[in-house]
Amino acid sequence: MTLRSILKDKRRIVVKVGTSSLTHPKTGLMDLIKMERLVRELTDLHNQGKEVILVTSGAIAVGRKTIGMKERPAELAVKQACASIGQARLIMMYQKLFMEYNQIASQILMTKNTLVNEGNRENARNTFETLLSMGAIPIVNENDTISTYEIQFGDNDTLSAVVSALVQADLLILLSDIDGLFTDDPNRNPEAKFIEYVNQVDEHFERMAKGASSDVGTGGMATKINAARLATSAGADMIIANGADMSIIHRIMDGERIGTLFKANRTDDFYLIDYLDAPRI
């Protein structure tokens with residue numbers, strides 16, 4: 001039995017979707033067909049008896065388009081205002097789509113302050129556990145409206161890995177605009193080679209990840225490697241795959257050789273706060 005073939009047996013799954021996977025590249029507006037397919041895929045996983053958590057980007061992008069802003073905002077106050085407007089619209093779209101499949105969905109907004117305090121961290125874990133036991137699919141995003149540099153995760157790759165560690169997920173799927181991990185940036189180096197499997201995240205892979213700029217997203221390959229280090233140390237397998245077609249989710253779960261698979265390597269003394277740039281409280 002291969003590592004790919006046992007993915008179908010994973011029970012608790014976190015799926016992260018980036019802004020670039022949810023928006024039309026020419027306009028920056030939400031791609032409703034892709035959102036609907038994402039919701040259908042996640043609901044079908046839930047119908048198979050699996051517990052599913054969605055970590056979604058897109059609040060700032062939706063907010064800025066709602067008010068007619070062409071460029072990504074630079075000022076913190078403007079970013080937070082866009083997030084406030086966009087998060088309400090984003091969750092409304094998700095709720096409408098999930099309701100079409102009679103699937104309960106909930107919203108959870110997080111900052112680092114949710115985790116650095118032991119009491120808050122335990123409360124967050126209990127909230128996730130209760131929602132999952134009720135059959136809900138939690139929809140998670142960073143609370144950009146109130147977060148500042150000191151308390152923000154900075155990207156949803158990291159947030160999804162944190163959530164995976166917090167709830168002890170079996171699998172984390174990162175959907176982005178790239179097929180997986182390459183030896184170099186394939187957009188700049190045509191000789192870059194695809195890496196299908198990573199047994200353990202080490203300094204070699206961390207140096208390899210150079211990141212990429214984007215007008216709509218915040219995470220590059222470096223953040224995904226950091227997410228892999230955190231998630232696999234917490235005991236979850238992780239896959240980076242291209243979210244251009246949301247049907248890739250069930251193909252991954254069926255064991256197809258898609259994306260880069262990072263093997264779980266749980267650290268015996270794993271402590272979540274050690275992986276965050278934040279003090280223990």
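The values are calculated or read from the model by the stated rules, or taken from the named source; none is laboratory data. In this text the structure is predicted, and so the values were computed from the model without any measurement. In this analysis, Cβ positions are derived from the backbone assuming ideal geometry, glycine residues included, and neighbour counts consider all displayed protein chains. For the accessible areas, the whole protein counts, side chains as well, though only heavy atoms, and no ligand, DNA or RNA atoms are used. Shrake-Rupley method; radii C 1.70, N 1.55, O 1.52, S 1.80 Å.
Taking the average, over residues, of other Cβ atoms within 10 Å as the packing measure, peptides 164-176, 7-19, 27-39 rank 164-176, 7-19, 27-39 from highest down. List the aspartates and glutamates whose Cα sits under 20 Å from the Cα of LYS70, skipping any in the same chain fewer than 8 residues away. Straight-line reach from LYS70, under 20 Å: ASP31, ASP144, ASP215.
Calculated from the structure, Cα extents along the principal axes in Å equals which of [x] 50, 46, 42; [y] 70, 44, 36; [z] 57, 56, 47? Read-out taken from this structure: [x]. Each of GLN168 and ASP268 was given a label point 7 Å from its Cα along the Cα-to-Cβ line. The distance between the two points is 1.8 nm. Look at the alpha carbon pairs under 8 Å that are at least 6 residues apart: their mean separation over the length of segment 1-77 gives a relative contact order of 37 percent.
If R0 is taken as 35 Å, the Cβ-Cβ distance between VAL78 and HIS204 corresponds to a FRET efficiency of 0.35. Here segment 1-147 is treated with +1 on each Lys and Arg Cβ and -1 on each Asp and Glu Cβ, and its dipole about the Cα centre works out to around 400 debye. Taking 0.36 nm per residue of separation and subtracting the Cα-Cα distance, full extension of the segment from MET99 to HIS24 would add 24.6 nm. Each of SER84, SER247 has its accessible area taken with a 1.4 Å probe; listed largest first, they run SER84, SER247.
Taking every protein chain into account, the accessible area of the chain amounts to 47 square angstrom per residue (probe 1.4 Å). Quick one, could you list the DSSP H helices from the chain stretching 20 Å or more along their long axis (Cα atoms) with average Kyte-Doolittle hydropathy of -0.5 or above? Membrane-span-like by this rule: 32-47, 76-100. Separation of the alpha carbons by more than 22 angstrom is noted, of LYS8/LYS193; LYS112/LYS263; LYS16/LYS112, for LYS8/LYS193; LYS112/LYS263. Backbone amide hydrogens, once placed in the peptide plane, bring THR111 within less than 5 Å of ASN143, excluding anything fewer than 5 places away on its chain.
With the simple model of a label 7 Å out from the Cα in the direction of the Cβ, ARG251 to GLN48 spans 1.5 nm.
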